[in-house]
């Protein structure tokens, strides 16, 4: 197997802001040894969309409040523009961020931005790669994709357990039109994890624009010619019977009643983790949701 080209960054690049009320400070203590890792994935809807009453300025604080309520140690976001990343950093407590624009590898275009709690994790390394046959080529578009697509990753040391293997956290957003691109992106991601995840515990988040049992889901989680996948679908491990915990649709279009579609937002984790819990956040106000996707959550240890 040939090595997959990718761009990496070493060091502790990122930023951390310490703000918030006394209540938030009390709730945001460093992780304790043995405490599960709380993970959240959320397509936050790009901030320049002409969404009227659902436009970003009207829901920014609500979305940040929802994140704060869940207190994720790891948060993967999709469709995040640079100003949204910066505004969320100003609203969240004790997070650092990583991610670049998919168009130029800097600030232009949507990001698969990662946020991680700096009181729980220390960044060891990080980088980005594009979902294409040339993943190290900035802005490259793969197969039948309508747009360039990117994955962002960080390798993290767990301050709550210095003897534990590092956590490799990868966040991505698959193409919304190209069926071949989604399938090949999943295969690329699985190969990349196999190459780069040696010696690590792996967590993957993303908007995959495909449901459970689809070709991308199978490519990421099912047995293939090389054997079992290194990853499991955290939600399906926690809820073995489909529908047992209620409707599983994660694209809402800002309408809380829209729950009957496919679960297109996933959290995957390596088989060494134990999945403690997983869920779909159904936050709403007067029938509306803080983004056009529901957030998905998991706790692993």
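The values are calculated or read from the model by the stated rules, or taken from the named source; none is laboratory data. Just so it is clear, the structure is predicted and the values come from calculations on it, not from any experiment. Counting neighbours? That spans all protein chains shown, and the Cβs are built from the backbone with ideal geometry, glycine included.
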Filter result (under 19 Å from residue 156 (Cβ atoms), at pLDDT 70 or above and in a loop (DSSP other than H, G, I, E, B)) within region 14-53: 34, 35, 36
Test for residue 189: is it closer than 21 Å to residue 133 by Cα and either crowded, with 16+ Cβ neighbours inside 10 Å or touching a strand residue (DSSP E or B) at 6+ places or on another chain (Cβ under 9 Å) (or both): yes
Qualifying residue in region 63-74 (condition: crowded, with 23+ Cβ neighbours inside 10 Å, closer than 18 Å to residue 128 by Cβ and under 18 Å from the mean Cα position of the chain (by Cα)): yes
Qualifying positions in region 148-167 - outside any strand (DSSP E or B) and surrounded by fewer than 24 Cβ atoms within 10 Å (Cβ to Cβ): 148, 159, 160, 161, 162, 163, 164, 165, 166
Failed criterion for residue 232 (all others in (1) assigned to a loop (DSSP other than H, G, I, E, B); (2) touching a residue at least 24 places away in the same chain (Cβ under 8 Å) hold): (1)
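For every residue, the table says whether it meets (1) free of Cβ contacts under 8 Å to residues at least 60 places away in the same chain; (2) surrounded by fewer than 24 Cβ atoms within 10 Å (Cβ to Cβ); (3) in a loop (DSSP other than H, G, I, E, B).
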site: 76; (1), (2), (3): no, no, no
site: 84; (1), (2), (3): yes, yes, no
site: 87; (1), (2), (3): yes, yes, no
site: 96; (1), (2), (3): no, yes, no
site: 102; (1), (2), (3): yes, no, yes
site: 109; (1), (2), (3): yes, yes, yes
site: 119; (1), (2), (3): no, yes, yes
site: 123; (1), (2), (3): no, yes, no
site: 136; (1), (2), (3): no, yes, yes
Complete set of residues in region 192-228 that are buried (at least 16 other Cβ atoms within 10 Å of the Cβ) and part of a loop (DSSP other than H, G, I, E, B): 197, 200, 208, 209, 210, 211, 212, 214
Looking only at region 243-276, and only at residues there that are touching a residue at least 60 places away in the same chain (Cβ under 8 Å) and assigned to a strand (DSSP E or B), the one that is surrounded by the most Cβ atoms within 10 Å (Cβ to Cβ): 268
Hits in region 137-174 - residues which are within 18 Å of residue 192 (Cα to Cα) and touching a helix residue (DSSP H, G or I) at 6+ places or on another chain (Cβ under 6 Å): 142, 143, 174
Count - residues of region 99-127 that are in contact with a helix residue (DSSP H, G or I) (Cβ under 9 Å, 6 or more places away or on another chain) and closer than 23 Å to residue 68 by Cα: 4
Qualifying residues in region 281-301 (those that are in a strand (DSSP E or B) and touching a helix residue (DSSP H, G or I) at 6+ places or on another chain (Cβ under 8 Å)) - the one nearest to residue 79 (Cα to Cα): 296
Test: residue in region 168-180 that is more than 18 Å from residue 97 (Cβ to Cβ) and part of a helix (DSSP H, G or I): yes
